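**Q** First the structure, then my questions, so here it is.
Readers should treat all values here as calculations from the given coordinates under stated rules, not as data from a laboratory. Everything quoted here is computed from the prediction, not taken from an experiment. We place every Cβ from the backbone using ideal geometry, glycine too, and count neighbours over all the protein chains shown.
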Amino acid sequence: MLCLKRKNMKNIFTLLFIITSMLAFGQKGIKSKKSKLHQGYIESTDGMIYRFYSQNKTGTKPKEGDVVRVAMWYKTNKDSVLYSSVRDSRNGQNYIEFPLEKSQFKGSFEQGLGMMTVGDSASFLVSTDSVFLLSFRAPFMPNYLEKGSLLNFNVKLLHIISKDSAAKASAEQDQQRQAYLAARQLADSLQRKEYLLKNNITTPPTTSGLYYIEQAKGTGSKPVKGCKAKVNYTLRTMDGKVLDSSDKEIARKGGMDVEGRPFEPLDIPMGQGMVIPGFEEALLLMNPGTKALLIIPPYLGYGENGGGPIEPYTTLVFDIELISFDAP
């Protein structure tokens, strides 16, 4: 539901891996020997257990601060794949990019990456305990993984972006982002003024800047923090596009009728930050049975980050009805 603050529901270990991948390493000189425990792999004196499938020994290796692009997957010693850049790809990209920093332990995946050049593909066997506790920085090992076991990282190095080039590109992206946000903020402010004039809204905003226009008066007491409010709502942009609704007919007409989705009033715990500030402020002004139009400026909504279909710096228009609320 779009009026609810969005929670990050990504698989926790995929997220931890991405955090881990933003760690990196500097490669040391390697003296290797055949591992007696892992057939086909080489075990180096500095803890690496690795196997190259293709290797250019004269190519350039990534340095600390460089950004690498890799296609990769890793699995447990029981062949359960925990992450795959192909399986978990977004926007059609089957790779991930991250900056390289210092390895967290001997024989790490990051250390192995430091052995590679562009076009190389390899497999690294890495301590499961160290990956989760040191690289992923998890508070404990998942109980479905064996202590003392090894994770198998399979990776192909696709591209290296130098530290200086990456910093320059990042600065340019930041400038473009700031210019975009400034343009969005100005456009939204002008559109909001136009919306108020066009709809003849003369009700002054609250101290916070919320426009609360009561359309039907309810009765009884008002909810307080600690209550659970039951609310019907419809969310639109200022140009009338429906973004979300608890009303099935309105959602259907707005193209939001998702099969299997329940259309019912929303239960909102008050005072727990579960909804955007402007929405909760309005509920505290209402009695059961009250209907109101809300015009919520960005700083009381999703701000400069936006969310889902809501662009950064977007004023939101809500029709809401407080049905009832439970006592704290």
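**Q** For helix 12-21, what angle does its Cα long axis make with the longest principal axis of the chain, in degrees from 0 to 90 and rounded to 10?
**A** Helix 12-21 and the main axis of the chain meet at about 50 degrees.
**Q** As a quick test, which of the pairs Lys228/Lys291; Lys102/Lys147; Lys63/Lys102; Lys198/Lys230; Lys228/Lys253 have an alpha carbon distance above 21 angstrom in this structure?
**A** On the way: Lys228/Lys291 17 Å; Lys102/Lys147 24 Å; Lys63/Lys102 10 Å; Lys198/Lys230 31 Å; Lys228/Lys253 29 Å.
Over 21 Å Cα-Cα: Lys102/Lys147; Lys198/Lys230; Lys228/Lys253.
**Q** By the gyration tensor of its Cα atoms, with a ≥ b ≥ c the square roots of the eigenvalues, what is the shape of the chain: rounded for a/c under 1.5, prolate for a/b over b/c, or oblate? List each step's numbers first, then the result.
**A** Values: a/c = 3.28, a/b = 2.25, b/c = 1.46.
Verdict is prolate for the chain.
**Q** Report, in whole Å, the centroid distance computed from the Cα atoms of the range 62-107 and the range 282-328.
**A** With the range 62-107 and the range 282-328 each reduced to a Cα centre, they are spaced 40 Å.
**Q** What's the angle, to the nearest 10 degrees (0 to 90), between helix 163-198's Cα axis and the longest principal axis of the chain?
**A** The answer is roughly 10 degrees.
**Q** Okay, moving on. Rank these for me by crowding, His38, His159, going from fewest to most other beta carbons within 10 Å. Spell out each step's value before the answer.
**A** Details: His38 16, His159 13.
Exposure proxy ranking, most exposed first: His159, His38.
**Q** Using amide H atoms built in the peptide plane, which far-off residues or other-chain residues are under 5 Å from Asn287 H to H?
**A** Sorted by chain and number, the residues that satisfy this are Gly218.
**Q** May I pose another question? Dipole size in debye (nearest 20) for the chain around its Cα centre, Lys and Arg Cβ +1, Asp and Glu Cβ -1?
**A** Details: 42 positive and 33 negative charges, 219 e Å.
Using only the charged Cβ atoms, the result is roughly 1060 debye.
**Q** Here is a follow-up. Obtain the nm distance between the two label points defined at Ala167 and Tyr180 by a simple spin-label model: each point lies 7 Å from its Cα along the Cα-to-C-beta direction.
**A** The two pseudo-label positions are separated by 2.4 nm.
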